[in-house]
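What follows is one structure encoded as structure tokens, with my remarks underneath.
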Amino acid sequence: MAAGESTIDDVGTSSRSSVPPKIIFDQDQSPAVGDGLPSVDSTPQRSEPTGRPRRAHALAKPPRRERRALRKQKRRERSTVVGRHPKTTIFVVIMILLTPLWASLGSAATDPSLGPSAGSRLAEWVRGHGGGGLVTWTENVWYTWNAPPKGGKPTAGAIPKAVVTPTTVPAPAGPAHLPAPAAIVPFVSAPTAGEGQWHPIGRSVVGIPTTYAAYLRPNAVNTSLVTGVAWMDTKLLSAKLYAGSAIPGTGQTFAAEAPITGTALTTLDAAFNSGFRMQDASGGFYLDGITAAPLQAGKASLVIDSAGNVDIGSWGSEVSMAPTTVAVRQNLDLVVDKGQPVAGLNGNDNHQWGATLGGRVQVWRSGVGVTATGALVYVGGAGLSIVDLANVLVRAGAVRAMELDINTAWVNFTSFPLAFGAPASAASGILLTADEATSPSRYFSTLSRDFFTMSVRPVAVPAAGSHYRVARG
């Protein structure tokens, strides 16, 4: 062997004779096959909890504040405004695209024809744009929080004391009129002074009252609530149906539409709300020879003829179309028939007589009926169930009656206690109950809902010195 050369064994021997390598015995591995030596790992790595090896030189993650500042810095360095303000840009684009919606909402919120308050106007807008379910849910929550109280006394003055006047005045026969109504029997065992007693309201025809009002508690439980009742002499007054801008809402133009104008103002005695929207009324609408919504057999119907005479009944049996018919307004089913609440009337009903209020049964309600003598009676008030409404109508003398509109925004009866021939105005209107939410001005501007009026019939003014028999409660 030449000098300077070494064998492999010499090298191995020389290496082993110097600093020996670090030997690691792997307990998880079997000895290598063939050489009989244990496995060797000179630089083992630490493992993360997940089992993945950590990078040899991983940097610590910057704090959240630094990362946020870095992102902001990157946005500020972008070349476009959109790039620098992406969220603001998206928001502005959405607002611009929704401009027609905001304009429509703003117009609705300031439109008095849609209701007495911004809330009722927006609710009317939402209902008209397919959001009836949302409005129903909101109303349900509101009426749950504002359920009518049990017990208590009425607000001072809610039931006026009886007016004592002479009941008999010697007189020759005057214009045809109905006898004044008998007092209403209260529902409470200890009535307030004047409860159920009639008071003249509205206009008079040569000293004869055309309209009376009475006030009473609607049941013996909610004794702080007061319901108003109006009695109208249909021999002295004629009825008329006015169409609203949204009811019937089928595009036709009618001769009588809000507002009330012209010579009708000089005879206007009272105005009051009509029924539900047509999609909720389960009935039809006929006016000026136009069937805006098909009339439904069996539905409660208020019918007016060309002479202004009015009747109420089930369509097709108690009332029907005649050559002299000029108006028919249907709304749900009768609540009073043959002088009694209809069979099956349910105080817990949340569908047949008020599904639009999300199942709340004691709410603002109104109704109208006819008496055996032909007088028209209107009932309206807060916290009424459908049974309460029917019971008050019966106590007021109704032999047939129907529910009209419900909800705070729409129940309204206004009378006009003016001299014969004086024009009516919003300023001269008197609400039937002081807690009504709507103003008399609703009838003197555009109104989305239809309504009824009662006006003094033409009469011959008697000669000076003539007198008429006047009966007052």
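The values are calculated or read from the model by the stated rules, or taken from the named source; none is laboratory data. Values in this document were obtained by computation on a predicted structure and should not be read as measured data. In this analysis, Cβ positions are derived from the backbone assuming ideal geometry, glycine residues included, and neighbour counts consider all displayed protein chains.
Residue check: is ASP435 within 20 Å of the chain's Cα centre (by Cα), crowded, with 24+ Cβ neighbours inside 10 Å and among the charged types (D, E, K, R)?
So ASP435 fails the test.
Does GLY284 satisfy the criteria of being within 27 Å of the chain's Cα centre (by Cα) and touching a residue at least 24 places away in the same chain (Cβ under 8 Å)?
It is true that GLY284 is within 27 Å of the chain's Cα centre (by Cα) and touching a residue at least 24 places away in the same chain (Cβ under 8 Å).
Being closer than 19 Å to GLY244 by Cα, among the β-branched types (Val, Ile, Thr) and not in a strand (DSSP E or B) is the filter here, so list the residues in segment 380-413 that pass it.
If the condition is that a residue be closer than 19 Å to GLY244 by Cα, among the β-branched types (Val, Ile, Thr) and not in a strand (DSSP E or B), then THR408, VAL411 are the ones that fit.
Just to be sure, is VAL379 crowded, with 24+ Cβ neighbours inside 10 Å, at pLDDT 95 or above and within 26 Å of LEU236 (Cβ to Cβ)?
Considered against the rule, which asks whether it is crowded, with 24+ Cβ neighbours inside 10 Å, at pLDDT 95 or above and within 26 Å of LEU236 (Cβ to Cβ), VAL379 comes out as yes.
Inside segment 216-291, counting only strands (runs of 3 or more DSSP E) that do not spill past its ends, which hold 3 or more residues that are modelled with pLDDT of 95 or more and in contact with a Phe, Trp or Tyr (Cβ under 8 Å, 6 or more places away or on another chain)?
Where strands (runs of 3 or more DSSP E) fall fully within segment 216-291 and carry at least 3 residues being modelled with pLDDT of 95 or more and in contact with a Phe, Trp or Tyr (Cβ under 8 Å, 6 or more places away or on another chain), they are 227-232, 237-242, 268-273.
Does any residue of segment 315-330 turn out to be surrounded by fewer than 20 Cβ atoms within 10 Å (Cβ to Cβ) and either at pLDDT below 95 or under 24 Å from TYR212 (Cα atoms) (or both)?
There is no residue in segment 315-330 that is surrounded by fewer than 20 Cβ atoms within 10 Å (Cβ to Cβ) and either at pLDDT below 95 or under 24 Å from TYR212 (Cα atoms) (or both).
Search segment 316-338 for residues that are without any contact (Cβ under 8 Å) to a residue 24 or more places away in the chain and pair each with any residue that is among the polar types (S, T, N, Q) and part of a loop (DSSP other than H, G, I, E, B) when their beta-carbon atoms are under 6 Å apart and the residues are at least 6 apart or on different chains.
THR324/SER306
Name the pairs whose Cβ atoms lie under 8 Å apart, with the first residue in segment 205-227 and assigned by TED's automatic domain parsing to the domain that holds LEU432 and farther than 29 Å from LEU418 by Cα, the second of a type in the set (Asp, Glu) and crowded, with 24+ Cβ neighbours inside 10 Å, and 6 or more positions between them or separate chains?
Short answer, once both residue conditions are applied: PRO218/ASP388; ASN219/ASP388.
Kindly indicate the residue of segment 63-101 that is surrounded by 11 or more Cβ atoms within 10 Å (Cβ to Cβ) and modelled with pLDDT under 70 and also nearest to the chain's Cα centre (by Cα) among those meeting that condition.
It comes out as LEU101.
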